[in-house]
Amino acid sequence: MNDFSDVDRSGRAAELVEHLDHVDRALRAPGGPKERLRAHLALAPGSRVLDLGCGAGHELVQLERDGLCAFGVDASATMLAASRARLAGLGHPARLVRADAQHLPFADRQFDGCRIERVLQHVASPAAVLAGAHRVLRPGGLIAVLEPDWASLTLVSQDAEAARAVADEAGGHIPHRDIGRHLRRLLADAGFVDVRVDVELMVYGSVEDLSRMVSLEHVVDRACAAGRIEHSRGVALLREQRSLSKSGAFHATIHRSVLAWARRP
Ligand SMILES: C[S@@+](CC[C@H](N)C(=O)[O-])C[C@H]1O[C@@H](n2cnc3c(N)ncnc32)[C@H](O)[C@@H]1O
């Protein structure tokens, strides 16, 4: 179980809301993944758009500013309270529904668009979420999805085997850590057409820089605890990576955001 799969029972709900603030700032930069995802939804003002797993409501505010009629769904009462607070002052009650995205409580063909950001990685069945999204979209309705691909982490090391073992632990606590690379297939399987995929490749030049996405210390610890590498090799790798970082020779990459968008026929 991972904290974002059940925020209210994680014991860290307030911390997770705060975490979403940080991530939102990173992804909302002009030309960044959030803006690009919005461009792919291309909905006319007044359109009804669903934000599945809306979290603390960061994007709901933006959708409303764009003149859309935004509905937020989330499984967490804490997240919905944060959304409600963020949406206060809209001039109309926020349209928020507490529900499991795998079992949407909406009639068929209700929405013109649907966005899903960093949610499918945390649910038991991403396919069930996309099947529901397909059902509640009208024919011609648009869907846009943003998920990371934690399994795409690369590190450069003299001990390539240890680097691979450690990279294999990135996002290891997340149910679908490599969801990004499956979005095209999942959308097609759910019945969507004109599926397009784009990837944001991040390049990190220091251990500190990388830590905004992945804590090297954590993944090394986990790789050792899981028996993927001996403790001494983990320690050596960490020492090497810190040294590379200090000398300006550190190099790590990850597909931070995989964007996929499609149409309901
Ligand atoms: C990483 S957060 C992303 C939130 C938001 N989309 C964003 O980008 O800021 C994941 C969100 O998905 C919600 N979530 C997880 N499983 C869910 C489910 N089965 N149904 C609805 N929401 C779910 C969590 O409560 C959390 O708010």
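Things worth noting here:
- Residue within the stretch 136-157 that is open to solvent by 40 Å² or more (accessible area, probe 1.4 Å), in contact (Cβ under 8 Å) with a residue 60 or more places away in the chain and among the β-branched types (Val, Ile, Thr) present: yes
- Single residue of 81, 127, 99 found to be near the ligand (Cβ under 9 Å from one of its atoms), more than 26 Å from residue 44 (Cα to Cα) and small (Gly, Ala, Ser): 99
- Screening residue 236 on (1) surrounded by 13 or more Cβ atoms within 10 Å (Cβ to Cβ); (2) hydrophobic (A, V, I, L, M, F, W, C); (3) not in a helix (DSSP H, G or I) shows it passes everything except condition (3).
- Residues in the stretch 50-70 that are surrounded by fewer than 24 Cβ atoms within 10 Å (Cβ to Cβ) and within 13 Å of the ligand (Cβ to nearest atom): 53, 58, 61, 62.
- Residue count for the stretch 105-123, restricted to those that are touching a helix residue (DSSP H, G or I) at 6+ places or on another chain (Cβ under 8 Å) and either near the ligand (Cβ under 9 Å from one of its atoms) or not in a loop (DSSP other than H, G, I, E, B) (or both): 12
- Residue 38, sole failed condition from (1) within 13 Å of the ligand (Cβ to nearest atom); (2) open to solvent by less than 10 Å² (accessible area, probe 1.4 Å): (2)
- Among the residues of the stretch 1-24, those identified as part of a helix (DSSP H, G or I) and away from the ligand (no atom under 11 Å from the Cβ) are 14, 15, 18.
- Looking only at the stretch 25-35, and only at residues there that are open to solvent by 20 Å² or more (accessible area, probe 1.4 Å) and assigned to a helix (DSSP H, G or I), the one that is farthest from residue 183 (Cα to Cα): 25
- Qualifying residues in the stretch 209-265 (those that are at pLDDT 95 or above, of a type in the set (Lys, Arg) and over 23 Å from the mean Cα position of the chain (by Cα)) - the one farthest from residue 182 (Cα to Cα): 246
- Residue 46 vs. criteria over 21 Å from residue 129 (Cα atoms), more than 12 Å from the ligand (Cβ to nearest atom) and more than 14 Å from the chain's Cα centre (by Cα): yes
The values are calculated or read from the model by the stated rules, or taken from the named source; none is laboratory data. Nothing here was measured: the structure is a model prediction, and the numbers come from that model. Note that each Cβ is placed from the backbone with ideal geometry, even for glycine, and that neighbours are counted across all protein chains shown. Please note that ligands, DNA and RNA were not included when accessible areas were found on the heavy atoms of the full protein model with its side chains. Shrake-Rupley method; radii C 1.70, N 1.55, O 1.52, S 1.80 Å.
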